Each structure stands twice: as structure tokens, then as C-alpha cells.
Amino acid sequence: RPFILSLIFNSARLVFTGRRRDRWTMCDQTLDYFVGLAELEQRDAACLSWSHAVNSSSRLEEALSGPTHMIEGDVLLRGCNPREPIMAHPPDTDSDLALRQWLLGVRMHSKGIKLDFKSLEAVAPSLVLLDEMLVEPSRPVWVNADILPGPGGQTTPLDPQAFLSAVTTLPTDTVLSLGWTTHWTAGTDNPGYSWDMVRVMHDICGSLKHPVTFPVRGALLAQSFSQLSWLLQQSDR
């Protein structure tokens, strides 16, 4: 079970476990999928491209017709009827794109997906849709949630035990992206990830059978390097 670090720089994201023969490495199944489709020439995560915040019909059309390998969208439960999972990021509570439509579009293309859950109540119905609509065992599927308070975090994280009890029913090659709530302010002395934060995360996910990635704020990496390096070193890969 690998531990993976995902760095977030504004809207960009890099995902890697470390250097191996001058290539960035990540979970085997994701890279193997795109190498097998001849969409990557080598198993190098730095060559993998992402479309982020694909939360509207226009953004989905753009992402599906473009060259990116992985599509990421935010999921919450619609705040009015019909109560169903939709693609939206708070403070938005509605969208022109439901998760069902999103998955219908994705399954016609060879894209990997990442679902970023913004509410716990959206998880169970979303997993039902995922099981019904994406049946290809090889397609990369990542599920994300902020499950712990992190540096400067101002939003309430999803309950870790409730989230993990739901998503660990997914196939064991599904990547679990487990993060901290964070906040960063330019021009101030922003705290990094503390030892307590990374130790609690390890206690939570150390026994998981799925690949795990930790999405962290890139601006906080320098002051958190020792803590995050320790966390990655706890992996058996």
C-alpha cells in the first residue's frame, strides 16, 4: 500500500511518491492504464495532466474533448429537490451538472476520475452511482476528502471514520486521497503541517489496504518537509 504526496499550487496539482530513475512515480495502476492506452510513453507521473473543478456542463465538455488524462470534480448533495449528488464547490449548492450526468460523459472516454467530496451525505449515493455506471476495472478512480483539521483550516473536515467506512468498500485499487483542511494568507507567517497532524493521519490510514495520497498545500511544504517526509516513509513502498 503506497503513500503518495499530492502538492497543490493554487489550481495546479502534482502527485508523486518520489524520484525513481529520474521519473516521478505514483500509484502503479493509474500510470499503467495510460501507458496501456499509449497516452503516456513512460510511467512518469510528471507527464500526467489534470482538469480540475470540472463542475459544470461546459467544463465537462471541455475536459472530455481535451488532452488531459484525469478529470477532477467536487461532489455535494443538492440543497433542494431533487436531492441528488451534484458537481459543485461550496458556497455553491446547485449546479447544471449532476454526478450521474458527469459519469455518463466520462464513461464514453478513456479518462481517469477523481471525486472530491465536500459533504459526507453525498458519499453513499455517489458510490452507488459509481458502482452502477463505471464498471471498467482498470479505469483510475480516486476519491478525495479533507478528513482532518490542518494548518489554518477554517472549514469542518468530514468525519474520517464515517468517510473511510464508506469508501473502503470500493475496489482495492481505488486511490484514497485523504487531506487536511488548510488556509494560507499571503504576506503572513503561515504555519506548516505539525507533527501531531501527520501522526494522527498515519494512525488513521496506516492499516488501509488501498493506495493513499495526501493532498497538501504546496506553499506550506518548506516548513513541513520533515513531517511530510516522515509520513511518506511510513509506507511499505
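Observations on the model:
- Exactly one residue among S235, S226 is in contact (Cβ under 8 Å) with a residue 60 or more places away in the chain, polar (S, T, N, Q) and either in a helix (DSSP H, G or I) or surrounded by 15 or more Cβ atoms within 10 Å (Cβ to Cβ) (or both), and that residue is S235.
- Picking from residues in segment 156-169 that are hydroxyl-bearing (S, T, Y) and not in a helix (DSSP H, G or I), the one that is modelled with the highest pLDDT is T156.
- Selected residue [surrounded by 13 or more Cβ atoms within 10 Å (Cβ to Cβ) and within 17 Å of L120 (Cβ to Cβ)] from A53, A63, A88: A88
- Within segment 138-155, not a single residue is assigned to a helix (DSSP H, G or I) and either charged (D, E, K, R) or under 14 Å from the mean Cα position of the chain (by Cα) (or both).
- Test result for S95, of a type in the set (G, A, S), touching a residue at least 60 places away in the same chain (Cβ under 8 Å) and more than 23 Å from M201 (Cβ to Cβ): no
- Count - residues of segment 211-221 that are assigned to a loop (DSSP other than H, G, I, E, B) and closer than 16 Å to L115 by Cα: 1
- Scanning segment 147-176 for residues being closer than 16 Å to S119 by Cβ, crowded, with 16+ Cβ neighbours inside 10 Å and out of contact with any Gly (no Cβ under 8 Å at 6 or more places or on another chain) gives a total of 7.
- Top-ranked residue of segment 119-146 - restricted to ones that are surrounded by fewer than 20 Cβ atoms within 10 Å (Cβ to Cβ) and charged (D, E, K, R), ranked as farthest from H89 (Cα to Cα): E136
- Against the conditions (1) surrounded by fewer than 16 Cβ atoms within 10 Å (Cβ to Cβ); (2) out of contact with any Ser or Thr (no Cβ under 9 Å at 6 or more places or on another chain); (3) under 22 Å from S229 (Cα atoms), H183 satisfies every one except (2).
- Look at segment 175-204: where a residue is closer than 30 Å to P140 by Cα and a partner is of a type in the set (D, E, K, R), sitting 6+ places away or on another chain with Cβ atoms under 7 Å, you get S177/K114; G179/D146; W180/D146; T181/D146; T182/R217.
- Filter pass, T172 being at pLDDT below 95 and within 21 Å of H202 (Cβ to Cβ): yes
- Identification of helices (runs of 4 or more DSSP H) wholly contained in segment 1-118 with 2 or more residues that are hydroxyl-bearing (S, T, Y) and at pLDDT 95 or above yields 57-65.
The values are calculated or read from the model by the stated rules, or taken from the named source; none is laboratory data. Note that the structure is predicted; figures quoted are calculated from it, not measured. Note: ideal-geometry Cβ built from the backbone for every residue, glycine included; neighbour counts use all protein chains shown.
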